[in-house]
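For reference, the structure is listed below as structure tokens.
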Amino acid sequence: MIDIVKADGQSEQAVIGAMRARAAQNNAAVDQAVSAILADVARRGYEAVREYSLKFDKAEPREIGKEELEAAYASCDPTLIAAMEHAAANIRDYNEKLLYETAEWTSPDGGRVGRIVRGLTRVGVYVPGGTAAYPSSVLMNAVPAKVAGVEEIVMVTPPTENLSAPVLAAAKIAGVDRCIAVGGAQAVAALTYGAGFIPKVDKLVGPGNAYVAAAKRLAYGKLDIDMVAGPSEVLVIADGSADPKFVAADLLSQAEHDKLASAVLLTDSAALAQAVDGEIVRQTGYLSRSEIMECSLRDFGCAIVCETLDDCVALANEIAPEHLEIMTQDPRALLPGIRNAGAVFLGAWSPEPLGDYLAGPDHVLPTSGTARFFSPLSVTSFLKTMSVIAYSKETLAPIQKEIITFAESEKLTAHANSIRVRFEG
């Protein structure tokens, strides 16, 4: 069951507050433990990584060879391989459309300016393996990096029983260059500083447990990261024309992630909210993770009945959800008003799992309200630019005095001198 409330100002703020609070649950003990691991690996290198790996995962880090990837690929169900190949093709196509290129043009002053676009040199992809295997995460993180022209993609994943054939097969499909069986905060530390055969990377992407998330957050600045992702969330805007069976199913598809997941319905129809609640009870009864879903819906799920669909849009923008589904009679009519969401799914036949696995846009999305200023992972996450400036004497001469004026106003006389000496005598 979910709580059904009428929009009254206080109800909305309570929902927003609860969702944001999930992201603020940084554990001081976790941060302290992770800080110690990072410092130890920075000081002792691979020996420290090896000790932590033996302690936490009961196995030494090891390189996973291409033969092991090939064997994993061959052992997978052909229908799964076909689905992963299809997903990779869609992800590749989507990101190729987003690529921007090196360009140069003439400025209004007559000089040449522009940008150079380069893929990052080396990127790390963290793939969780503590409680489950996620081949979709391999594809969503590695394929855009490959499209960006990253020179080397290094995948790390814990050396547990979930070092599964589908994960390794996905690495082969995505074109991962190196796979290393190492996990936890020690893997993040190794990729941050370099440790033995584990190389230092420029950027680390991919989800993980609380220790991995804390390690990424604390390592940021020594390398780049994708984002510090919080618990998963979905928000559905629906009117009376929506099928309550579909709405309930999509709310539950996120509620099953974990007990901190959030599933919220915004609607202008009290009748729909009641029907969705009934469907949630019915569908939860036959789904495998019912206990998790019941907890997440109890603590972070609700239906808010608003006066109008415009009110629903305004509240959705304030919540800024990771996944936003619009199931109304004319979903595209609401799209221009949407400003804050990680991914938007239009219509009854665009459910959130479509984006998780196959459509092409990435499923690594901002959570906990950060869609107000963060964007989804994509090929652009793996690109960096350098600006280019090329003036001649003839194009610099007319603006020399303006540059000197700027520099002297900031009391940077050497800056002014750098311009002035070029035109003396």
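The charge dipole of the chain, taken about the Cα centre with unit charges on the Cβ atoms of Lys, Arg (+1) and Asp, Glu (-1), comes to about 1700 debye, rounded to the nearest 20. Legend: residues Phe382, Phe300, Phe373, sorted from most to least accessible area (1.4 Å probe; ligands, DNA and RNA excluded), read Phe373, Phe300, Phe382. Computed on the range 142-267, the Cα convex hull volume stands at 155 Å³ per residue. In plain terms, the chain from Phe406 to Arg112 could stretch by 103.7 nm, reckoned as 0.36 nm per residue minus the Cα-Cα distance. The local environment of Leu218, defined by Cβ-Cβ distances under 14 Å, has a net charge of 0 under the rule Lys, Arg +1 and Asp, Glu -1.
Under a 10 Å cutoff between Cα atoms, tell me which one of Arg115, Arg339, Arg372 has the largest fluctuation in the Gaussian network model of the chain. Of Arg115, Arg339, Arg372, the most mobile in the Gaussian network model is Arg115. Computed with a 1.4 Å probe over protein heavy atoms only, the accessible surface of the range 286-425 comes to 55 Å² per residue. Write down Rg/Rh for the range 278-361, rounded to two decimals, with Rg from the C-alpha atoms and Rh from the Kirkwood relation over Cα pairs. Here the Rg-to-Rh quotient is 0.99. Could you compute the FRET efficiency for Ala36 and Tyr220, with r as their C-beta to C-beta distance and R0 at 22 Å, rounded to 0.05? Once the sixth-power term is evaluated, E becomes 0.80. Charge tally for Val201 (other residues, Cβ to Cβ under 14 Å; Lys, Arg +1; Asp, Glu -1): +1. Net charge near Glu60: determine it from the other residues with C-beta under 12 Å of the C-beta of Glu60, scoring Lys and Arg +1 and Asp and Glu -1. Net of charged neighbours comes to 0.
Surface listing: Ile304, Ile419 arranged by accessible area from highest to lowest gives Ile419, Ile304, probe 1.4 Å. Average projection, convex hull of the Cα set of the range 227-310: 5.7 square nanometres. Only one residue of Ala18, Thr395, Gly337 has its Cα farthest out toward the positive end of the dipole of the chain, where Lys and Arg carry +1 and Asp and Glu -1 on Cβ, and that residue is Thr395. Inter-label distance, Glu318 to Ser75: 5.2 nm, where each label sits 7 Å from its Cα along the C-beta direction.
Quick check on the range 258-400: what are the equivalent-ellipsoid semi-axes from the Cα gyration tensor, as sqrt(5λ), descending, whole Å?
Values: eigenvalues 350, 72, 37 Å².
Ellipsoid semi-axes (Å, largest first): 42, 19, 14.
About the centre of its Cα atoms, the range 1-94 shows a dipole size close to 380 debye [charges on the beta carbon of Lys, Arg (+1) and Asp, Glu (-1) only; nearest 20 debye]. Averaging 1/r over every pair of different alpha carbons in the range 291-335 and inverting the result gives a Kirkwood radius of 12.2 Å. Ranking Gly149, Ala238, Gln274 by Cα position along the charge dipole of the chain, where only Lys, Arg, Asp and Glu carry charges on their C-beta atoms, puts Gly149 farthest toward the positive end.
Determine the dipole magnitude for the range 66-139: charges of +1 sit on the beta-carbon of Lys and Arg, -1 on that of Asp and Glu, nothing else is charged, the reference point is the Cα centre, and the result goes in debye to the nearest 20.
Using only the charged Cβ atoms, the result is roughly 340 debye.
Measure off, as a whole percent, the carbon and sulfur share of the 1.4 Å-probe accessible area of the chain, all protein chains present. Exposed carbon and sulfur together represent 53 percent of the surface. Compared with the dominant principal axis of the Cα atoms in the chain, helix 290-300 is inclined by about 70°.
Suppose the Debye formula is applied to equal point scatterers at every Cα of the chain; what is log10 I(q)/I(0) at q = 0.06 Å⁻¹? Summing over Cα pairs of the chain leads to -0.32.
Axis of helix 184-193 versus longest Cα principal axis of the chain: the two differ by about 10°, to the nearest ten degrees.
Three principal axis extents of the range 105-196 based on alpha-carbon atoms, in descending order, are 62, 27, 19 Å.
Summed over the residues of the range 1-142 and divided among them, the accessible surface reaches 55 Å² per residue at a probe radius of 1.4 Å. Hey, what angle do you get for helix 165-174 against the long axis of the chain, alpha-carbon based, 0 to 90 degrees rounded to 10? Between helix and principal axis, roughly 40 degrees.
The values are calculated or read from the model by the stated rules, or taken from the named source; none is laboratory data. What you are looking at is a predicted structure, and each value in this text was computed from that prediction instead of being measured. Glycine gets a Cβ as well: all are built from the backbone with ideal geometry, and neighbour counts include every protein chain shown. The protein model used for the area step is the full one, side chains on, heavy atoms only, and it has no ligands, DNA or RNA in it. Shrake-Rupley method; radii C 1.70, N 1.55, O 1.52, S 1.80 Å.
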